Amino acid sequence: MNLLENYSLKKLNTFGIDASAKYFLEVNSVADVQAFLEDKKINTELRLILGGGSNMLFTKNFDGVVVKNCIKGIELLKEDSENYYVKAGAGESWHGFVMNCINNNYAGVENLSLIPGSVGAAPIQNIGAYGVEQKEVFFELEAIDLKEKKSVTINKSDCQFGYRDSIFKREAKGKYIIASVTFKLFKKPKLNTSYGAINQEMEKMGVKEISIATISQAVCNIRKSKLPNPEVLGNAGSFFKNPTISAEQFQAIKKKFPDLVAYPSDVNFKLAAGWLIEQCGWKGKHVGNTGVHKDQALVLVNYGNANGSEVFELSGKIMESVKEKFNVELEREVVVV
Ligand code: EPU
């Protein structure tokens, strides 16, 4: 076990925040996780499991052990007349996994192209984009129960997936290290172009026949045009969730602000948080070393040397002004450490 001390996490979080970990460790297998759990020097330390670090804001140094999940491998487990069951190591990059699926003609994840982060993090926050959520292709996952020190299989209903939510963000928070995720992908694609901009983009690309590969390319183009590349400008994608409000509350706000951008969701309405933030005048604003992205107000950015507290403070101010103007509570989507 290669245990490092006082380790900089700057390159391991897409916000590019310069925090450090008291201890740092990479795990490449279930056996590595077992060894870590048996190690007397560190097994009582506070723990943080890190995937791609793309949904995280460090506001201070981490006074414990940061375990980077590097468990790799992509394997076709079985297939039947309709589906492929593909198991991927939690430490695989999500987009790498998506590309592997496109190349093998496994359908279902094309709309989720270019999302930063790892396979193991995908079920934790039930990643979603362009009309599709990870839960639609999730089959089961293997995890190591950190207290019981044994491997368990967790099925879809036990994960309690919701919008950017699962049991791993609530009751099971910190309970497991995810080792691998098995996805149930389709042989016959259900091409989902419900998100308007996908069709527009494919037209621009001159696509004659829609396929999972053309959808993937269109999604990549749209993301690149709207969302900053974390390698160029530190960020963690959407900083807030799109808030869900009652139909009654929606009518009241719509009356005052007829241009309100919202989507029906079950019996409620989901508001475009980016629109709310933009209306409060935040879009493109620089505040010290941090700011609100010029093309997508839902994304907070690090202009170089921001510390996590600065970003956190800015997010608090944005939440206050949205509350004041629209009487809507925004909720942070990123995990604040
Ligand atoms: N809008 C504005 N101003 C802005 C941003 C958005 O007015 O600055 C309005 C526009 O009218 C736009 C609408 O909001 O049509 C929706 O914007 P967009 O299509 O960019 O999507 P979003 O709702 O802001 C969500 C996800 C993204 C995902 C996209 C596409 C959340 C929190 N975010 O953003 O996910 O890529 O939809 O499906 O649900 C992420 O989670 O990190 C992420 C990037």
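The values are calculated or read from the model by the stated rules, or taken from the named source; none is laboratory data. From a predicted model like this one, the values you see are computed outputs, not experimental measurements. As a convention, Cβ positions derive from the backbone with ideal geometry for all residues, glycine included, and neighbour counts pool all protein chains shown. Heads up: the accessible areas ignore ligands, DNA and RNA and are worked out on the full protein's heavy atoms, side chains in. Shrake-Rupley method; radii C 1.70, N 1.55, O 1.52, S 1.80 Å.
For region 130-160, trypsin sites (Lys or Arg not before Pro) are listed when DSSP marks them as loop and at most 11 other Cβ atoms sit within 10 Å of their Cβ; the list is Lys147.
Relative to the current alpha-carbon distance between Glu148 and Ser211, full extension at 0.36 nm per residue lengthens the span by 18.2 nm.
Estimated from the Cβ-Cβ distance and a Förster radius of 30 angstrom, the FRET efficiency linking Asp39 and Ser309 is about 0.40. Here the relative contact order of region 4-69, from alpha carbon pairs under 8 Å that lie six or more residues apart, stands at 42 percent. The modelled label-to-label distance between Ser265 and Lys323, using points 7 Å beyond Cα along the C-beta direction, is 2.0 nm. Solvent-accessible surface of region 74-186, averaged per residue with a 1.4 angstrom probe and all protein chains in place: 41 square angstrom. Set the Förster radius R0 to 30 Å, insert the Cβ-Cβ distance between Asn100 and Lys11 as r into 1/(1 + (r/R0)^6), and round the FRET efficiency to 0.05. Once rounded, the FRET efficiency stands at 0.75.
Modelled spin-label separation between Ser246 and Phe139, with each label point placed 7 Å from Cα along the Cα-to-Cβ direction: 4.3 nm. Charge dipole (Cα centre; +1 on Lys/Arg Cβ, -1 on Asp/Glu Cβ; no other charges) of the chain amounts to roughly 420 debye. Here the translational diffusion coefficient of the chain follows from Stokes-Einstein with Rh set to the Kirkwood radius across Cα pairs; for 10 °C and 1.306 mPa s it amounts to 75 µm²/s. For the chain, relative contact order (Cα pairs under 8 Å, six or more residues apart, normalised by length) works out to 17 percent. Atom-type composition of the exposed protein surface of the chain places 48 percent of the accessible area on carbon and sulfur (1.4 angstrom probe).
Comparing Glu79, Glu140, Glu278 in a Gaussian network model of the chain, where Cα atoms under 10 Å apart are tied by springs, the biggest mean-square fluctuation is seen for Glu79.
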